Every structure is written in structure tokens, then in C-alpha cells.
Amino acid sequence: MRGGRNFKSNERSEFDHKVIDIRRVARVVAGGRRFNFRVAVVVGNKKGDVGIGLGKAADTSKAIEKAVRQAKKNRVKITLTKNFSIPHEIQAKSAKAVVFIRPAKPGRGLVAGSSVRTVLDLAGVKDVVSKIFSRSKNKLNIARAAVKALSELKQKTAVSSKKDKKEEKEKKPEDKKEENK
């Protein structure tokens with residue numbers, strides 16, 4: 001049998017998914033309203049891949065399938081440290097949702113609320129502290145801000161080399177002043 005579009009295997013996907021938001025949306029047609037469901041899903045493999053997807057359909061199961069498919073396409077690979085934390089603190093904004101994430105000491109655990117916790121959990125992040133600095137209660141925008149923040153992470157070596165260069169620049173003017181005396 002060919003593996004066409006409707007082919008479903010019994011193998012379990014390497015990605016876990018969690019539904020973060022289900023909404024009933026309506027469009028007005030002649031004779032009343034037609035209702036659909038909009039589902040927001042976070043997909044991750046707990047090894048550094050995470051993505052968000054939206055799906056819309058007449059019933060929730062089809063909407064979830066569509067959202068999972070889109071989330072797998074929109075995956076982001078994030079950089080984790082060897083103890084499954086993040087290399088540095090980061091802040092990101094999506095619409096009006098602002099999310100701040102910073103590394104914590106090993107053993108602290110995942111301290112996050114709302115959909116940021118879901119995103120970080122499915123990304124495989126263990127020891128971080130996060131804060132949502134917005135009045136927005138929109139879980140989709142908060143999750144998008146968290147994924148945006150994680151995608152902007154840089155390697156720890158790149159961050160430390162930039163700090164070293166900055167410190168060298170700050171030291172050079174002082175050395176010149178001492179030589180002139």
C-alpha cells in the first residue's frame with residue numbers, strides 16, 4: 001500500500017502535543033451562523049524542538065489534527081545547556097504579550113505560568129523561571145511570545161565571547177590613561 005495522504009501508521013509520533021486553547025468561532029451565512037472550532041496546540045519532543053499550530057474545523061478532533069500538522073511544520077530548534085536549562089535570560093513580545101525567561105539554579109524546576117509552562121515543558125527545559133509582563137490573557141499570544149523568546153536564544157559560548165570582547169574594550173581606555181601619567 002502506498003503511503004498517501006490518508007495513510008495512518010500505528011507508530012507513535014516522537015512529538016507530544018498539548019492543546020492550549022479551544023474556541024468556538026462563527027461565520028454568518030444566509031439562514032444563521034455556522035460554527036467551527038479553532039484549536040491552538042503546542043508540539044514538542046522534550047529535546048529542544050517546539051512549535052505552535054492553529055487548526056480550524058467543524059469538529060474538535062479534526063481541528064486538533066490540523067493544528068498538530070501545522071505545529072510540526074513551524075517547529076523551532078532551541079539551544080539548551082547540558083543540564084536542560086537555557087544559556088541566558090531573554091525577553092520577547094508577540095502582539096501585547098510580553099514574556100521574560102531566565103535560567104535558574106539546578107534543581108529549582110520549571111517555574112512558569114499559563115501556556116509558557118506548556119511550551120517550556122514540551123521543549124524539554126527543566127530549570128528556568130519565567131514571568132508574563134502583560135495584561136493579556138490570550139494564551140495563544142503568550143505561547144507565541146515564549147516560542148519567539150526561545151528561538152532568539154544563542155549559544156552560551158557566543159554570549160560569553162561577546163561579554164569578553166565588551167570587557168576588553170572597557171579596559172583599553174583605562175590602560176591608556178595609566179600609561180600617560
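For segment 84-104, taking the residues that are touching a residue at least 60 places away in the same chain (Cβ under 8 Å) and under 21 Å from LYS137 (Cα atoms), the one that is surrounded by the fewest Cβ atoms within 10 Å (Cβ to Cβ) is identified as ALA92.
All told, LEU153 meets the bar of being in a loop (DSSP other than H, G, I, E, B), within 18 Å of ILE52 (Cβ to Cβ), modelled with pLDDT under 95 and not polar (S, T, N, Q). The residues listed here are VAL129, VAL119; of these, the one that is closer than 18 Å to VAL41 by Cα, at pLDDT 95 or above, of a type in the set (A, V, I, L, M, F, W, C) and out of contact with any Ser or Thr (no Cβ under 8 Å at 6 or more places or on another chain) is VAL119. What do you reckon, is GLU11 at pLDDT below 95 and of a type outside the set (S, T, N, Q)? Against the criterion (at pLDDT below 95 and of a type outside the set (S, T, N, Q)), GLU11 qualifies.
Among residues of segment 49-83 being among the small types (Gly, Ala, Ser), surrounded by 15 or more Cβ atoms within 10 Å (Cβ to Cβ) and in contact with a Phe, Trp or Tyr (Cβ under 9 Å, 6 or more places away or on another chain), the one that is nearest to ASP127 (Cα to Cα) is GLY51. Restricting segment 123-142 to residues that are basic (Lys, Arg) and in a loop (DSSP other than H, G, I, E, B) leaves a set whose member that is farthest from ALA92 (Cα to Cα) is LYS126.
For segment 105-117, the criterion of being hydrophobic (A, V, I, L, M, F, W, C), in contact (Cβ under 8 Å) with a residue 40 or more places away in the chain and closer than 14 Å to VAL147 by Cβ is met by no residue. Among residues of segment 34-57 that are within 10 Å of ALA71 (Cβ to Cβ), those with a beta-carbon under 9 Å from a residue that is at pLDDT 95 or above and of a type in the set (Phe, Trp, Tyr) at least six positions away or on a different chain give the pairs GLY55/PHE37.
The values are calculated or read from the model by the stated rules, or taken from the named source; none is laboratory data. In this text, all values refer to a predicted model and were calculated from it rather than measured experimentally. In this analysis, Cβ positions are derived from the backbone assuming ideal geometry, glycine residues included, and neighbour counts consider all displayed protein chains.
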